[in-house]
Amino acid sequence: MASIIAPRGTRDILPGESYKWSYVIKTAGEVMSDFAFNEIYIPIFEHTELFARGVGETSDIVEKEMYTFIDRGGRSITLRPEATAGVMRSALENNLCAQGNFAKLWSYGPMFRYERPQKGRYRQFYQIDAECLGIAGAEADIEIINLSLELFKRLGLKNLEVVINSVGCEKCRPVYREKLVEYFNQHKDELCETCLNRLERNPLRILDCKKENCGKVAENAPDIFNSLCDECKEHFKKVCAGLERLGFKYKLNKRLVRGLDYYTKTAFEILSGDLGAQNAVCGGGRYDNLAEAAGGSHLPGVGFACGLDRVVIVMEEQGCSFGKIPEPKIFVIAKNDDARENAQVITSKLRSEKIAAVCDIAGRSFKNQIKNANSYEYICKADEAGNLELVKNSDDVHENLTLDEIVGRLK
Ligand code: AMP
């Protein structure tokens, strides 16, 4: 029988890698807490309708990338392709923003999209998400971008580029949409198959098509800034001014529309030159219409999703530090076979004093245990009578001590 391997687009994060992921998540937790964002856990699956209505029927995600199935109760369920819709659902359901309150929330975990796998693109991938709900003003957009950049700064990422755009709101976007349809209709024969389909359904997406011909056509497409209403213009100006005040460089990219339909006003991405084709480490923006699309009352929001898989790749490529690999401090060696049980008891006692300790549980000989133990900071040799000898590997000092004395020394 052929052996079973992991499904295409998934991968195992093995022990030699996993400490890097833990480091990024730990750092994210610290940054979030410095910005007063609270952690939230939301389900990995939701009703399909949440994503269909929230992310948008015409988005690539909903059209062709969702892992959807009928559960045993006959419900249509979808593995979450992104976190924002779920966080919004939870905030509405649990009244997190009742009476004009706002909520600053963060979360991390796996997302699922049926995409063509390549470097930096997987079918199960991980995101760190931050969402600020209940605030319509540009200060919240600035806070979210500030938060993402502080995270990358603490992780030591270099050569990042912030690109930003406004995609308008329900008042001005329809006008812009019309202008786009009119323009692209005149260039139909230059567009790819996918963009021809987008022409009626979601013409804004043609703007960020990666195909060369479509790109050339999009280059001369009507400028969204000429169509923004006064409110959107003002909002965008404030966001840009805020970024400048905080000392962040950014680039305007009028063709940045992002793949999810729920964005309004601000859309941004953070790109890395060290990633190849899939170069976005983070994407986000404002989504003032998502709550209503998900069946709730009006609740403005702005947030980002940072791709953990890609962040780790860039950090590796840039030689960033992932902190120290956590390692036990002391190896407790059984001097002979009769001392084995004692070594395990001593090890357990050290651990309950919060000292990271190991002993041999694989029946290795004394010689092999010694060989193994040399890489630890300390060795403790235990005999069958309970006598303990502490050895500090770096200076080869041997001392006969009690367990309490060893604990005092190592703490
Ligand atoms: P999105 O939810 O599409 O706005 O994506 C936000 C971020 O998640 C991107 O900037 C990527 O870093 C990451 N991301 C999105 N899709 C994938 C994927 N299939 N594999 C790995 N990372 C992804």
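The values are calculated or read from the model by the stated rules, or taken from the named source; none is laboratory data. Here the structure is a predicted model, which means the values were calculated and not measured. Please note: Cβ atoms are built from the backbone with ideal geometry, for glycine as well, and neighbour counts cover all protein chains shown. Heavy atoms of the whole protein, side chains included, go into the accessibility calculation; ligands, DNA and RNA do not. Shrake-Rupley method; radii C 1.70, N 1.55, O 1.52, S 1.80 Å.
Among the listed pairs Lys119/Lys265; Lys119/Lys233; Lys119/Lys216; Lys104/Lys238, give every one whose C-alpha distance is greater than 29 Å. All intermediate terms of the calculation are to be shown ahead of the outcome.
Working: Lys119/Lys265 31 Å; Lys119/Lys233 37 Å; Lys119/Lys216 26 Å; Lys104/Lys238 20 Å.
Going by Cα-Cα distance, Lys119/Lys265; Lys119/Lys233 fall outside the 29 Å limit.
For the stretch 14-142, give the percent of accessible area contributed by carbon and sulfur heavy atoms, probe 1.4 Å, rounded to a whole number.
Values: 3130 of 6100 Å².
Of all accessible area on the stretch 14-142, carbon and sulfur atoms account for 51 percent.
How large is the Kirkwood hydrodynamic radius of the chain, in angstrom, based on all distinct alpha carbon pairs?
Numbers: mean 1/r = 0.0407 Å⁻¹.
Evaluated on the chain, it is 24.6 Å.
Which of these, Val302, Val281, Val175, has the largest mean-square fluctuation under a Gaussian network model of the chain (Cα springs below 10 Å)?
Val175
Work out from phi, with θ = phi - 60° and the Karplus expression 6.51 cos²θ - 1.76 cosθ + 1.60, the ³J(HN,Hα) of each residue of the stretch 339-345, listed in order in whole Hz, and give x for Gly and Pro.
Working through the residues one at a time gives 8, 4, 5, 4, 4, 5, 5 Hz.
Share of antiparallel DSSP beta bridges in the stretch 327-411, in percent to the nearest 5? Don't jump to the answer; show the numbers that get you there.
Details: 10 of 18 bridges.
The antiparallel proportion sits near 55 percent.
Taking the Cβ of Val62 as the centre, find all other residues whose Cβ is under 10 Å away and add up their charges (Lys, Arg: +1; Asp, Glu: -1). Could you put the intermediate results ahead of the total?
Working: positive: Arg53, Lys64; negative: Glu57, Asp60, Glu63, Glu65, Asp261.
Its environment carries a net charge of -3.
Please list 225-234, 329-338 highest first by mean number of surrounding beta-carbon atoms within 10 Å per residue.
Numbers: 225-234: 15.7, 329-338: 18.9.
The densest-packed peptide leads the list: 329-338, 225-234.
Output ³J(HN,Hα) for the stretch 250-263: one whole-Hz value per residue in order, computed from phi by the Karplus curve 6.51 cos²θ - 1.76 cosθ + 1.60 with θ = phi - 60°, and x for Gly and Pro.
8, 10, 7, 9, 5, 9, 7, 10, 6, x, 9, 5, 7, 5
I need the semi-axes of the equivalent ellipsoid of the stretch 18-103: take the C-alpha gyration tensor, multiply each eigenvalue by 5, square-root it, list largest first in whole angstrom. Show your work: numbers first, answer last.
Details: eigenvalues 145, 74, 31 Å².
Values for the stretch 18-103, descending: 27, 19, 12 Å.
Can you give the Kirkwood hydrodynamic radius for the stretch 79-221, in Å, rounded to one decimal and based on Cα pairs?
About 18.5 Å for the stretch 79-221.
Go through Leu299, Ile70, Ala6 and say which Cα lies farthest out towards the positive end of the charge dipole of the chain; charges sit on Cβ, +1 for Lys and Arg, -1 for Asp and Glu.
Towards the positive end, the residue furthest out is Ala6.
List the lysines whose Cα lies under 27 Å from the Cα of Lys354, skipping any in the same chain that are fewer than 8 positions away.
Cα-Cα hits under 27 Å: Lys20, Lys26, Lys324, Lys329, Lys335, Lys371, Lys381, Lys392, Lys411.
For the chain, report the accessible area per residue in Å² (1.4 Å probe, heavy atoms, rounded to an integer). Walk me through the numbers before you get to the answer.
Working: 20710 Å² over 411 residues.
Here the residues of the chain average 50 Å² of exposed surface.
Compute, for Asp261, the solvent-accessible surface of its heavy atoms (probe 1.4 Å) with the complete set of protein chains present, and express it in square angstrom to the nearest 10.
50
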